[in-house]
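Peer 1: Quick one: the structure is below, and I'll ask about it shortly.
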Amino acid sequence: MTPVTRQEVLGLYRKIFRIAKKWQSASGQIEETMKEKEYIKNEAKTLFRKNKNVTDPKLIKQCIEECEARIEIGLHYNIPYPRPIHLPPMGLAHKQGRMLRHQEKLRKISKPIYLKSHDEIS
């Protein structure tokens, strides 16, 4: 990892914890705000620790883009949790054979960047 990339990653990590410190839930309830703050901190720690040994520059760039996207979406919608994909599960595929495998492959490819790592840790 280059020094510039390292500084960018550490800057994102600090940014997430500053956001968590100032976070207010949409409902304004103290209990919900505390749960969301803890979720933000735990999610950041889990994902950053999981990816700390990544050395491939393309994969590092993809992780940085995912982090930035999740930050922006969370701030915009005031929801710390990743937004789900609203597609029917395998609604367009036949139930057997090659078409099902093809549909699963297309669904995996079309997954938004902000959800790439979510299923892996959940």
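Read the figures in this text as sums done on the coordinates, not as results from a lab. Treat the numbers as computed from the prediction; the structure is a model and nothing was measured. Glycine gets a Cβ as well: all are built from the backbone with ideal geometry, and neighbour counts include every protein chain shown.
Peer 1: Report, in whole Å, the centroid distance computed from the Cα atoms of the range 35-52 and the range 54-84.
Peer 2: Answer, in whole Å: 12.
Peer 1: For the peptides 39-51, 11-23, what is the packing order when you average, over each peptide's residues, the other Cβ atoms within 10 Å and list the highest mean first?
Peer 2: My ranking of the peptides, most packed first, is 39-51, 11-23.
Peer 1: Karplus couplings for the range 44-50 from phi (6.51 cos²θ - 1.76 cosθ + 1.60, θ = phi - 60°), rounded to Hz, Gly and Pro as x?
Peer 2: For the range 44-50, the Karplus-derived couplings read 4, 4, 4, 6, 5, 5, 5 Hz, x marking Gly and Pro.
Peer 1: Full extension from L10 to Y39: what is 0.36 nm times the residue separation minus their Cα-Cα distance, to one decimal in nm? Don't jump to the answer; show the numbers that get you there.
Peer 2: On the way: separation 29, 0.36 × 29 = 10.44 nm, distance 1.91 nm.
Extra length from L10 to Y39 when fully extended: 8.5 nm.
Peer 1: Given a Förster radius of 25 Å and the C-beta distance between Q29 and L75 as r, what FRET efficiency does 1/(1 + (r/R0)^6) yield to the nearest 0.05?
Peer 2: Working from the Cβ atoms, E equals 0.85.
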